[in-house]
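Contents: one structure, followed by commentary.
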Number of protein chains: 2
Amino acid sequence: MITLKKIINDPEAVVPEMVDGLVRAYPQILEQIPDTTAVVRTDKASMTGKVAVISGGGSGHEPTHAGFVGKGMLSAAVCGQVFTSPTPDQIYEAIKASDQGRGVFMVVKNYSGDVMNFDMAKDMAEMDDIQVASIVVDDDIAVENSLYTQGRRGVAGTLFMHKILGNAAQNGASLEELSKLAAAVLPCINTVAVALSAATVPEAGKPGFTLAEDEIEYGVGIHSEPGYRREKLRPSKDLVAELLEKLDDSLHLDPAKQYAVLVNGMGATPLMEQYIFSHDLFDALAKSKSRQPLPKLAT
Amino acid sequence: MITLKKIINDPEAVVPEMVDGLVRAYPQILEQIPDTTAVVRTDKASMTGKVAVISGGGSGHEPTHAGFVGKGMLSAAVCGQVFTSPTPDQIYEAIKASDQGRGVFMVVKNYSGDVMNFDMAKDMAEMDDIQVASIVVDDDIAVENSLYTQGRRGVAGTLFMHKILGNAAQNGASLEELSKLAAAVLPCINTVAVALSAATVPEAGKPGFTLAEDEIEYGVGIHSEPGYRREKLRPSKDLVAELLEKLDDSLHLDPAKQYAVLVNGMGATPLMEQYIFSHDLFDALAKSKSRQPLPKLAT
């Protein structure tokens, strides 16, 4: 029985069917690891002699993580059930499928289940004499601890870790070099979100929280975990000011330094709104660069 | 006053702010044509000596069209107001900004306002001795005539026209060659949609139509124009069967021929659902290829 308005078949089958659709859409890039919902690069030649960088987590955040598998990015990705950590067995299969003899580096987002299951897979692989190292990404500055997390949550900023480590691995970095690089990159990645509505898990059939018609919530997590404040919807430029102030509190933005900015819509915000938000963000950053004070949210 | 839950500032300013955000996000690819909401390729060297292929239309369908400007694709794109044809003046500026002396080919979606305004811009450019040719894309097989259209509507299949003509122009095709190519490609592009909900125009502040909680509509247009049938939500594989049967009626799919398939979410459907739909589509096409009859929708 369909209990929510989504283009799916059986709610229990969304992940295997998604992975099948993905690998058949991009056969030149991806193949499925047999008997798993994990994917690995088709082009094995591009992996030869390199450390493999892998990642994974619950599904429902596409293109994260399977969409980031490819040359100079991830070697493999493990797709767990929706909003659920992948099992140690599946992660172990991804380690074995991607290892080229130089070891495997795992990028893990900071959720208790993910951290535990990737650690167990590491232990399993080490019994096979596969070298494994990892980093736990905790980029979400909104809140300390959360529903499924000790410490800060790992969210969209993880993309920078995939890209930076994936590129370094493609260029021949060793497992030890990747570990040092990951540790240096980690504190530089800071992320914060605002939500106009909540995500719906297919198996639950209803949104993770409810906001009034004119209400937004700052600092929510990617599984609809609570944020740090609710208020009435504001114009885009006020949202930019709020989130930038929060980032500045954490990063102490220095106009003399350069920053890479990622704006993303958590899978649901149309591109038009993301570009309008970007317009306001560029304006705010330009002001900041000219050493004017960062815009403050009028209260 | 904000009348709808979107990340915007002034509803009247969404298009200029979107275009500004877009060109600042991709300065290596795009620049804004002064005093317009049109964009042109930054890399003029890649356009030199080539026929320019341009397109445009109402905004609200991003990444269409400005997102498809780049080498081997469009030379320029004109962003009209939301769901509103761009003005002849703006199209004329895009023609002038992209012409390299070998003429400009315009890809127009079949909406009365677009057809009229692109024609007027063509007349203006020809008075400047710029050669202009065009194709009107009418790929949506769902209905004949519609709210804003004589004949079939032009929708997502237009992407194939951008890609095929853009590539041919990049390889040196003349305006005449592009016209012949476009005429040959046109009848091959067939598109049909299903909607779970309607689009909302920022200036209107409410959806273009209303569907019950468990209701879908086949054949809707990209501005929430009426489709050909409403019914209860069905599993993804039934949606695939329905749309594929409709496409087969029009295209007479031949298992001996090869087809390119575009699955898109009209800007709102999450990737997970698009991949599940693709999974069902690949299954249905595989059956068709093995000369089994196409799956029919159980009624």
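The values are calculated or read from the model by the stated rules, or taken from the named source; none is laboratory data. Note that the structure is a prediction, hence the values are computed from the model and not measured. For neighbour counting, all protein chains shown are included, and Cβ atoms are generated from backbone atoms with ideal geometry for every residue, glycine included. The area values use the complete protein model at the heavy-atom level, side chains included, leaving out ligands, DNA and RNA. Shrake-Rupley method; radii C 1.70, N 1.55, O 1.52, S 1.80 Å.
Brief remarks on what is shown
- Rounded tilt (10° steps) of B:158-170 against the dominant C-alpha axis of chain B: 40
- Chain B, helix-only ellipticity at 222 nm - DSSP H runs n ≥ 4, -39,500 (n - 2.57), divided by all residues, nearest 500: -10500 deg cm²/dmol
- Counting only protein heavy atoms and a 1.4 Å probe, chain A has 44 square angstrom of accessible area per residue.
- Only beta bridges with both residues in chain A are counted; by DSSP, about 45 percent of them are antiparallel.
- If R0 equals 41 Å, the separation of the Cβ atoms of B:Leu175 and A:Leu262 corresponds to a calculated FRET efficiency of about 0.50.
- The average projected area of the stretch B:45-175, computed from the convex hull of its Cα atoms over all directions, is 7.0 nm².
- Threshold 40 Å² - residues in the stretch A:260-287 whose accessible area is reduced by that much or more when the chain is no longer isolated, probe 1.4 Å: A:Leu271, A:Met272, A:Glu273, A:Tyr275, A:Ile276, A:His279, A:Phe282
- Note on the stretch A:140-226: Kirkwood radius taken over Cα pairs, Stokes-Einstein applied at 37 °C and 0.692 mPa s, translational D equal to 219 µm² s⁻¹.
- Cα-based helix-to-principal-axis angle, A:14-25 vs chain A, degrees rounded to 10: 80
- The mean count of C-beta atoms from other chains within 10 Å of the C-beta of residues in A:11-23, rounded to a whole number, is 5.
- Rounded D (µm²/s) - chain B, Kirkwood Rh over Cα pairs, Stokes-Einstein at 4 °C, 1.567 mPa s: 64
- Once the chain from B:Ala184 to B:Asn167 is taken as fully extended at 0.36 nm per residue, the excess over their C-alpha distance is 4.6 nm.
- Relative to the other identical copies, A:Leu262 shows label-point distances of 2.8 nm, where the label point lies 7 Å from Cα along the Cβ direction and values run shortest first.
- Ordered from highest to lowest accessible area with the whole protein assembly present and a 1.4 Å probe, A:Asp129, A:Asp140, B:Asp89, B:Asp119 read as A:Asp129, B:Asp89, B:Asp119, A:Asp140.
- Teacher prompt: B:Glu144 distances to equivalent labels in other copies, 7 Å Cα→Cβ, nm: 7.0
- Whole-Å distance, taken between Cα centres, linking the stretch B:259-280 and the stretch A:162-179: 33
- At the listed q of 0.17, 0.25 Å⁻¹, the Debye profile of the stretch B:194-289, built from one uniform point per Cα, gives log10 I(q)/I(0) equal to -0.83, -1.47.
- Exposure check, 1.4 Å probe, all protein chains in place: A:Lys237 carries approximately 110 Å² of accessible surface.
- Accessible area buried between chains B and A, both sides summed, probe 1.4 Å, in Å² to nearest 100: 4100
- Euclidean distance of C-alpha centroids, the stretch B:27-43 and the stretch A:1-58, integer Å: 37
- The chain A residue nearest the rotation axis shared with chain B, using its Cβ and rounding the distance to whole Å, is A:Ala268, 4.
- Counting only other chain Cβ atoms within 10 Å of each residue's Cβ, the peptide A:99-105 averages 0.
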